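The values are calculated or read from the model by the stated rules, or taken from the named source; none is laboratory data. Keep in mind the model is a prediction, meaning the values are calculated, not measured. Here the Cβ positions follow ideal geometry from the backbone for every residue, glycine too, while neighbour counts run over all protein chains shown.
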Amino acid sequence: MHGEKTIYTSEWMNLGLVDVEVPGHERFDHHVVRFPRPAAGTVIHDPDRGVLLLWRHRFISDTWGWELPAGGVDPGETLEEAAIREAIEEAGWRPDALRHLITYQPINGSVDQRFAIFMANTAVEVGPPTDASEAERIEWVPLDRLRDEIRAGRVTDGMSLTGLLWMFNFELTPS
C-alpha cells in the first residue's frame, strides 16, 4: 500500500481509494469500503420451538427474507453486549449464556467489516421489540421448516446464513 484517500465518509461507513502494488502486477487504485464498527448477531435456538428469526424487507436488494437479530456494535460495547441488545431491540427476547461461534469478514477483498456470531440455547421474552421497524414479524421457526426456508432461498442474508449453517453443521451434529 502506497497510501489511501477518502472519497466519502459517514458515521456508517467510509469509501476509500487505496494506491496499491501487488507483487507481480502493476500499481493500481482499489476501492475499499471501511466500517468503523463491527456487527454482532445471535442464533437463538430453542430445542422445542426452533430458531428465533425476523421476517424483513431489505430495500437495498428489494428482497424479503428471514434473518437473525443482529446489528452494529455501539461505542464502548462488547460484541456480546451488542448481540444481546440487538436481540432485545429487534425481537423482544434476551438471549442467555452466549457462546461465540465465529467471527468473519464477508467480503475481505473490498470491505473490512467484521461479523461476530453467537449462539444461545435459552432466551427470555422481555416484551415487544423496542425497534418495531426492524421486522414485519418475529417467529420461532422449527428446524425442519428452517431447512426448507434456506433451500427455498428465503434466507439470503450472509450473516444469517453463516450462523444458521454453522449451527446445523457444527452445533446440532453429534461429534
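Which residue, of Met119, Met167, is outside any helix (DSSP H, G or I), touching a strand residue (DSSP E or B) at 6+ places or on another chain (Cβ under 7 Å), surrounded by 18 or more Cβ atoms within 10 Å (Cβ to Cβ) and of a type outside the set (Gly, Ala, Ser)?
From the options Met119, Met167, the qualifying one is Met119.
Go through the residues of the stretch 150-157 one by one and say whether even a single one is acidic (Asp, Glu), in a helix (DSSP H, G or I) and in the same structural domain as His45 (by TED's automatic domain parsing).
no
Return the residues of the stretch 81-109 that are out of contact with any Ser or Thr (no Cβ under 9 Å at 6 or more places or on another chain), of a type in the set (Gly, Ala, Ser) and modelled with pLDDT of 95 or more; say none if nothing qualifies.
Ala82, Ala91
Can you tell me which condition Asp144 does not meet? The list is (1) surrounded by 13 or more Cβ atoms within 10 Å (Cβ to Cβ); (2) in a helix (DSSP H, G or I); (3) charged (D, E, K, R), and all the others hold.
Asp144 satisfies all of (1) surrounded by 13 or more Cβ atoms within 10 Å (Cβ to Cβ); (2) in a helix (DSSP H, G or I); (3) charged (D, E, K, R) except (1).
Could you list, in sequence order, the residues of the stretch 45-60 that are touching a residue at least 60 places away in the same chain (Cβ under 8 Å) and closer than 21 Å to Pro106 by Cα?
Leu53, Leu54, Arg56, His57, Arg58
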